[in-house]
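Below you'll find the structure, written out as structure tokens, and then a few comments.
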Amino acid sequence: MTELILALDVLTREEALEIAEETYPYLDAIKLGYPLVLGAGLSVARELSQFDLPLIADFKVADIPNTNRLIAEHVFESGFSAIIAHGFAGSDSLKAIVEATENAGGECYVVAEMSHPGALEFLSGETAEKIAQMAVDCGTDGIIAPATRPERVKALRSIIKDKKILSPGVGAQGGDAREIAPLIDGMIVGRSIYNSENPAKEAEKFAFVRR
Ligand code: O7M
């Protein structure tokens, strides 16, 4: 089964709660990050926990090990069950997050390759593959890989094997949900759902990926 993860990148607490209320029956998790947390405060995570879905903290953490650990501990104490890190800061930085994740009983994902066009300028190809290997070696739960480039998802799958791939980029960024769904474990969808006239109906349309 491929999970459906809502990227809740709205800017206010009210909008966030309203969209979550409408869509939660069709979701497997909610991902929130800077747009919502900077707009509504970190306490929005506790409020969203009423929907009983895993909350993924997308802060793409990329600092020295000590700072990474402090961020990860804070994230897990705030009601999140998973955290997303960047890999380019290196394995010691990543291990600090993995340790905090294990202590909290959560999950940790690493961005291996991004979905937008500019991603090809620095963190793609061999670099993305090295980050994916590091994600395996450091004991993370999986990686983020681009729904906009299914051939890259296949290449990264051969490295991370049965760990999870969560994949953003369908809809607004041009990725095809039906093409990518069989290759991944979780599909991250934002604007197609939360900008729609009827977010619940739009979320329901992704039901096929969850079969
Ligand atoms: O469906 P969208 O394009 O509105 O939203 C996609 C979400 O996925 C949004 O929250 C992005 O910040 C995020 N994302 C990407 O779009 N591309 C990436 O390469 C990585 C992410 C992401 O979630 O990284 C953890």
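What follows is calculated from the coordinates using simple rules that are stated; it is not laboratory data. In this text, all values refer to a predicted model and were calculated from it rather than measured experimentally. Positions of Cβ are generated from backbone atoms using ideal geometry, with glycine treated the same way; all protein chains shown enter the neighbour counts.
In the set (1) in contact (Cβ under 8 Å) with a residue 12 or more places away in the chain; (2) more than 9 Å from the ligand (Cβ to nearest atom); (3) closer than 16 Å to Ala112 by Cβ, the condition left unmet by Ala203 is number (3). Annotation: Gly87 fulfils all but one of (1) buried (at least 23 other Cβ atoms within 10 Å of the Cβ); (2) within 28 Å of Gly174 (Cβ to Cβ); (3) away from the ligand (no atom under 16 Å from the Cβ); the unmet one is (3).
Quick one: is Ala82 within 13 Å of the ligand (Cβ to nearest atom), within 18 Å of the chain's Cα centre (by Cα) and among the small types (Gly, Ala, Ser)?
Numbers: within 13 Å of the ligand (Cβ to nearest atom): yes; within 18 Å of the chain's Cα centre (by Cα): yes; among the small types (Gly, Ala, Ser): yes.
Yes; evaluated as a whole, the condition is true for this residue.
Filter region 100-115 down to the residues that are of a type outside the set (Ser, Thr, Tyr) and out of contact with any helix residue (DSSP H, G or I) (no Cβ under 7 Å at 6 or more places or on another chain), then identify the one that is surrounded by the most Cβ atoms within 10 Å (Cβ to Cβ). Out of the qualifying residues, it is Val111. State whether one or more residues within region 134-146 are surrounded by 20 or more Cβ atoms within 10 Å (Cβ to Cβ), more than 15 Å from the chain's Cα centre (by Cα) and within 11 Å of the ligand (Cβ to nearest atom). Checking region 134-146: not a single residue is surrounded by 20 or more Cβ atoms within 10 Å (Cβ to Cβ), more than 15 Å from the chain's Cα centre (by Cα) and within 11 Å of the ligand (Cβ to nearest atom).
The set of residues in region 165-190 that are over 14 Å from Pro146 (Cβ atoms) and exposed (fewer than 14 other Cβ atoms within 10 Å of the Cβ) comprises Arg178, Pro182.
Counting only strands (runs of 3 or more DSSP E) that sit completely within region 18-92, those holding 2 or more residues that are not aliphatic (A, V, I, L, M) correspond to 29-33, 55-61. Taking region 102-117 as the range and being assigned to a helix (DSSP H, G or I) and not acidic (Asp, Glu) as the test, the residues that pass are Asn103, Ala104, Pro117. Counting only residues that are crowded, with 20+ Cβ neighbours inside 10 Å and away from the ligand (no atom under 11 Å from the Cβ), region 191-200 holds 1 of them. Checked against the criterion of being more than 16 Å from the ligand (Cβ to nearest atom) and of a type in the set (Asp, Glu), the candidates Glu3, Glu18, Glu113 yield just one match: Glu18.
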